[in-house]
Amino acid sequence: MDAVTELTADTFHSAVAERDHTVVLFYVKWNAVSMAFMQSYIEVSESLEDADVSDVELAVVDCGEWTDVCNAQQISSFPTVRLYRPQEPSQPYQGMLGTESLNRFIMLSRLVSPVLLSSPDEVTSFLEGDLYQRHAAIAPVTVLGLFSSTASAGVPVFKEAAKALRGETMVGLFADRRAEIWAVEYSVTLPAILVSRGPTGQTEAHSLHLSMPDQLVTHIQRALLDTFVSLCLYHSLIEIPLTKYI
């Protein structure tokens with residue numbers, strides 16, 4: 001396992017404190033799913049190295065050998081993947097156990113969240129322009145928070161929710177009186193969020209009436225899920241007439 005770092009009780013805490021992002025796979029050798037996923041995990045590490053991604057370290061902990069580390073991290077199932085950042089709680093990876101899904105999670109987790117936007121042009125770029133295009137492969141659906149000013153009571157809540165959503169989607173924030181432009185266009189009241197699929201997709205708007213970060217995270221995740229389901233349904237309706245005549 002040259003592509004990943006094997007951590008022990010002596011090296012775990014220093015390792016997760018050194019890098020901006022340390023991804024740790026907790027596994028046991030007797031678990032078939034752990035060992036099957038190990039190959040995908042190594043492939044992700046190699047792809048990050050090939051892409052010159054230097055701020056992410058992939059590591060593993062054998063919980064059959066280092067039970068004290070795994071108990072301290074409250075690992076109760078295998079395999080478990082967590083992302084560690086210095087002086088922050090660890091973030092669990094809850095996606096599919098495959099190369100593409102894990103790589104997407106890691107690349108999205110490296111982005112600042114929320115992306116602070118300061119002008120209508122930057123908002124347009126985030127939703128459908130250059131900024132969107134740079135990250136469309138890993139974040140085809142983006143979320144934009146709209147507030148009337150940086151002093152709005154909901155801004156700190158939104159920022160906390162955006163941090164919690166790192167790895168799931170790209171989140172932007174526009175806190176300015178000109179946010180009313182989009183509120184009028186999409187017939188919502190501020191504060192609001194826009195869930196966008198880019199320049200060729202549909203944009204959905206939702207007014208916000210939530211006061212806690214975890215409530216807002218759940219609200220955004222549901223909006224993302226609804227958008228994903230709608231996209232899948234759209235493609236299935238397109239494919240039905242085509243496959244009928246094959």
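What do you reckon, is GLU6 on the phi < 0 side of the Ramachandran plot and under 21 Å from the mean Cα position of the chain (by Cα)? Full working, then the answer.
Working: on the phi < 0 side of the Ramachandran plot: yes; under 21 Å from the mean Cα position of the chain (by Cα): no.
Here the answer is no, as GLU6 does not meet what is asked.
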Would you confirm whether or not segment 26-38 contains a residue that is surrounded by 13 or more Cβ atoms within 10 Å (Cβ to Cβ), within 24 Å of LEU108 (Cβ to Cβ), of a type in the set (A, V, I, L, M) and touching a helix residue (DSSP H, G or I) at 6+ places or on another chain (Cβ under 6 Å)?
no
Can you pull out every residue in segment 165-179 that is surrounded by 18 or more Cβ atoms within 10 Å (Cβ to Cβ) and not β-branched (Val, Ile, Thr)?
LEU165, ARG166, GLY167, GLU168, MET170, GLY172, LEU173, PHE174, ALA175, ASP176, ALA179
Options LEU131, LEU208; residue that is crowded, with 20+ Cβ neighbours inside 10 Å and either closer than 28 Å to GLY95 by Cβ or assigned by TED's automatic domain parsing to the domain that holds TYR84 (or both):
LEU208
Enumerate the pairs (first residue in segment 207-224 and closer than 9 Å to ALA161 by Cα; second residue anywhere and at pLDDT below 90) with beta-carbon separation below 6 Å, excluding pairs fewer than 6 apart on the same chain, so at least 6 apart or on different chains.
LEU216/LEU210
From the options ILE75, ILE138, residue that is surrounded by fewer than 21 Cβ atoms within 10 Å (Cβ to Cβ) and assigned by TED's automatic domain parsing to the domain that holds ASP176:
ILE138
Considering VAL115, VAL141, which residue is hydrophobic (A, V, I, L, M, F, W, C) and at pLDDT 95 or above?
VAL115
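Yes or no, residue by residue, for (1) free of Cβ contacts under 8 Å to residues at least 40 places away in the same chain; (2) closer than 20 Å to THR99 by Cα:
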residue	(1), (2)
ALA3	no, yes
SER14	yes, no
THR22	no, yes
GLU43	no, yes
GLU57	no, yes
ASP68	no, no
PRO79	no, yes
GLU88	yes, no
Could you check how many residues of segment 67-86 are farther than 15 Å from LEU7 by Cα and of a type in the set (S, T, N, Q)?
3
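The values are calculated or read from the model by the stated rules, or taken from the named source; none is laboratory data. Keep in mind that what you see is a predicted model, and the values were worked out from it rather than measured. Note: ideal-geometry Cβ built from the backbone for every residue, glycine included; neighbour counts use all protein chains shown.
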